[in-house]
1. Among the residues of region 73-112, how many are surrounded by 15 or more Cβ atoms within 10 Å (Cβ to Cβ), over 29 Å from the mean Cα position of the chain (by Cα) and of a type in the set (Val, Ile, Thr)?
2. So for region 272-279 (the condition being farther than 16 Å from Asn210 by Cβ, surrounded by fewer than 21 Cβ atoms within 10 Å (Cβ to Cβ) and among the β-branched types (Val, Ile, Thr)), does at least one residue qualify?
3. Name the one entry in Ile257, Ile265 that is open to solvent by less than 60 Å² (accessible area, probe 1.4 Å), without any contact (Cβ under 8 Å) to a residue 12 or more places away in the chain and within 22 Å of the chain's Cα centre (by Cα).
4. Is it the case that some residue within region 194-211 is closer than 30 Å to Trp294 by Cα and hydrophobic (A, V, I, L, M, F, W, C)?
5. Since Ala317 meets every condition but one in (1) in a loop (DSSP other than H, G, I, E, B); (2) touching a Pro at 6+ places or on another chain (Cβ under 7 Å); (3) under 24 Å from Phe401 (Cα atoms), which condition does it not meet?
6. I'm trying to understand the selection: among the residues of region 341-363, which are open to solvent by 30 Å² or more (accessible area, probe 1.4 Å) and not acidic (Asp, Glu)?
7. Which fully enclosed helices (runs of 4 or more DSSP H) of region 144-238 have 3 or more residues being open to solvent by 30 Å² or more (accessible area, probe 1.4 Å) and within 16 Å of Leu275 (Cβ to Cβ)?
8. Condition check: open to solvent by 20 Å² or more (accessible area, probe 1.4 Å), closer than 25 Å to Ile117 by Cα and assigned to a loop (DSSP other than H, G, I, E, B). Does Leu312 satisfy that?
Amino acid sequence: MPVLASLPGLNLLSSLPSNPPQNDTTSSTPSPSPPIPIPKYPPPRSRNPKTNVPRSNPALSIPHRRSNYRKPVQKGVISTDGDRYVIVGENGVSYKLPGAPFEFQYSYSETPNAEPIAIREPAYLPFAPPTMPRPWTGKAPLKKSKKNIPLFDSFNPPPPGKKGVKHVEKPGPFPFGKYPKGGKTREEILGEPLKKWEIKMLVKPLLSDNRQVNLGRDGLTHNMLDLIHTHWKRRRVCKIKCKGVPTVDMDNVCRHIEEKTGGKIIHRVGGVVYLFRGRNYNYRTRPQYPVMLWKPATPVYPKLIQEAPEGLTKAEADEFRKKGKSLLPICTLAKNGVYASLVKDVRDAFEECPLVKIDCKGLQPSDYKKIGAKLKELVPCVLLSFDDEQILMWRGRDWKFMYGDTSSTLAPVKADISSGIHNSAKSSDDSGTPDAQRVVSSPKMMSLWRRAIVSNKALLLEELALGPDALLEKVEEFEGMSLAIEHSCEALVLSSEDGSSSSSSAEFKGGSYSEDENDIIDDEYYDDDSFEEVDPSIPLGSLPVDKIAERLRRESK
């Protein structure tokens, strides 16, 4: 590099020539072709082809559920398709089909009592069109099988041990000497009332079985009717497990289940219901209903929360909502729980406080709004807010106390707008000065007190002004007497001359083992003939079973 720098006329930092020499096109050689030819692919297809798909059924073009479609409706028929109608009435949106025993609905037990004011989708029937040659299953029709599959019903079951057929439950149970007979009405299919031992025999195998119908937030739906009949094909009793919103009013759920299915509820524990199909049930002659192909959009109902609820002004309602923020909830509802005692808990809470709050954290907004609507009708009460996932309720001005009016001693004097009850000062003008020592108890509590006094478990003091020593003496005397009665019982005395018994009572005097007549279920469907009373005048050893036992004892010797 130093040698090159010393050469004259050489500049290493000189720029490139401004006009480069032009390439000679005549002397240039063409580029060689690649050894492998480049493949030619067809043009890529568009991902969203615009094809004209014929839509025969207009229900396929219904708007999306989250759209702003709103159409005000009034009570009556809102859409027709020949002899099939879409009706808006007291039970919400229902569908009337020719030959149907009742108007079909998506949910029979969870429909609000209020009439809808608008619908969120066009009024189409969610059933298959009547022109279809077969029932809709969502799949293409299968080819006809070459095998000749025999069909059996409950009245003509397959012979035992036959292969290739599934088990079909026979009708029954029947008393000795009676056989199944066909029936069309509900009473004919149910047959004679079940005995208690028959109910126990039917329910006991299902207590730990998970073959059941799950009833959730939508309640008793239309497609669930066919599912219950599918369970009845294999078993006489269908187990239904209810959870969530419908368990607030289990009586309503049970009533709709019996009305729509035609069965009879023979046992109920919490949210679990056991539905008996009937003694003369036949799967071949069951009522067959069309299946709903999709869930209809829920109609628009009037708002549950109003700025000025009934009986209050807007200022009073705002004051209640402000007080409710610092109020402790009476309970916390778990997701998918059983809320059978919720109505009773709210009523008991209203006896002491005019405002009640329920914590619903973790529940969906639609769920606790439905629970609030049910409490509004069952308690009854006035809904104030659903803020912070909590239900705030007011008992109203026309609240009737179950245990007497105790709010005058618990509520402040200024609570004339928050109590909503009759003020004791106003009633004192009519009835005079009330007795401060008077306590009003519920009828149930009074019956418990009477029962305790009769059974010598409680003592009624006739003298109120007793000193400590006299009161202690009475307590010790009563304690010794109650212990003596509790550990004693009447003896069963039999006479050796005529074999008759002079006393047949084996019941404790204390009453702890006696059966209360009010605890017996009064239901015309239950028959208690299985527990027959034995005549106490019959001497021991004179029954036929005693003679059989004596003969077997002699033979064994």
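The values are calculated or read from the model by the stated rules, or taken from the named source; none is laboratory data. Keep in mind it's a predicted model, so treat the numbers as computed, not measured. FYI the Cβ positions are ideal-geometry reconstructions off the backbone, even for glycines, and counts take in every protein chain you see. Heads up: the accessible areas ignore ligands, DNA and RNA and are worked out on the full protein's heavy atoms, side chains in. Shrake-Rupley method; radii C 1.70, N 1.55, O 1.52, S 1.80 Å.
1. Residues in region 73-112 being surrounded by 15 or more Cβ atoms within 10 Å (Cβ to Cβ), over 29 Å from the mean Cα position of the chain (by Cα) and of a type in the set (Val, Ile, Thr): 2 in total.
2. Within region 272-279, none of the residues are farther than 16 Å from Asn210 by Cβ, surrounded by fewer than 21 Cβ atoms within 10 Å (Cβ to Cβ) and among the β-branched types (Val, Ile, Thr).
3. It is Ile265.
4. Looking only at region 194-211, we keep the residues that are closer than 30 Å to Trp294 by Cα, and these are 210-211.
Then keep just the ones that are hydrophobic (A, V, I, L, M, F, W, C); that gives none.
No, because not a single residue in region 194-211 is closer than 30 Å to Trp294 by Cα and hydrophobic (A, V, I, L, M, F, W, C).
5. The number of the failed condition is (1).
6. In the first step, residues of region 341-363 are kept if they are open to solvent by 30 Å² or more (accessible area, probe 1.4 Å); the result is 341, 344-345, 347-348, 352-353, 361-362.
Passing the criteria: Ser341, Lys344, Arg347, Cys353, Lys361, Gly362.
7. Working: elements: 186-190, 196-203, 223-234.
In region 144-238, the matching helices (runs of 4 or more DSSP H) lie at 223-234.
8. On the way: open to solvent by 20 Å² or more (accessible area, probe 1.4 Å): no; closer than 25 Å to Ile117 by Cα: yes; assigned to a loop (DSSP other than H, G, I, E, B): yes.
No, not satisfied.
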